[in-house]
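Shown next, in structure tokens, is the structure this report addresses.
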Amino acid sequence: MEVNSGEVSPLGIAAILAAALGVAVRALSRGRRRRREDDDGEVRDGLSERVAVLSSRLDRAEQDIANDKQGRAAFAATQGDLKAVGVQLDNLANQVEAVGGKLDRHGANLTRAHERIDDLHRLVAERGAA
């Protein structure tokens with residue numbers, strides 16, 4: 001299993017799932033074996049053989065996954081692409097923050113302009129009333 005910067009790769013996840021499946025199959029075979037203790041010994045032997053075959057297949061699958069260079073290369077390329085997208089998103093977030101700051105400043109300028117207009121209206125109204 002390969003761990004990159006604290007994250008488990010998809011190949012590692014597949015290996016973990018394969019191991020979990022092996023444990024589940026073994027647990028099921030034990031449960032069935034206990035239920036069939038009174039049955040014929042051939043049934044238990046056949047089930048044990050099937051479990052052994054499945055365990056062997058799971059072990060081979062884990063090895064294939066671990067040795068799959070093509071899968072690792074594809075994962076590394078995808079991870080690189082994701083990092084590049086992350087950098088782009090950071091840049092966009094910085095640009096959005098800058099635009100937000102500009103909008104805040106323009107909003108404050110507009111508020112001051114409206115206040116000046118209101119003051120001028122009051123002044124005109126006072127002069128017109130006098």
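The values are calculated or read from the model by the stated rules, or taken from the named source; none is laboratory data. The structure presented is a predicted model; accordingly, all values stated were derived computationally and were not measured. Neighbour counts run over all protein chains shown; Cβ positions are idealised from the backbone, glycine included.
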Selected residue (only one of Gly100, Gly22, Gly31, Gly107 is loosely packed, with under 11 Cβ neighbours inside 10 Å and modelled with pLDDT under 85): Gly31
Given the condition surrounded by 10 or more Cβ atoms within 10 Å (Cβ to Cβ), polar (S, T, N, Q), out of contact with any strand residue (DSSP E or B) (no Cβ under 7 Å at 6 or more places or on another chain) and outside the structural domain of Gly12 (by TED's automatic domain parsing), answer yes or no: does some residue in region 51-62 qualify? no
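If you check Asp90 against the conditions, is it surrounded by 10 or more Cβ atoms within 10 Å (Cβ to Cβ), of a type in the set (Asp, Glu) and modelled with pLDDT of 80 or more?
yes
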Of Val96, Val124, the only residue that is under 47 Å from the mean Cα position of the chain (by Cα) and free of Cβ contacts under 8 Å to residues at least 24 places away in the same chain is Val96
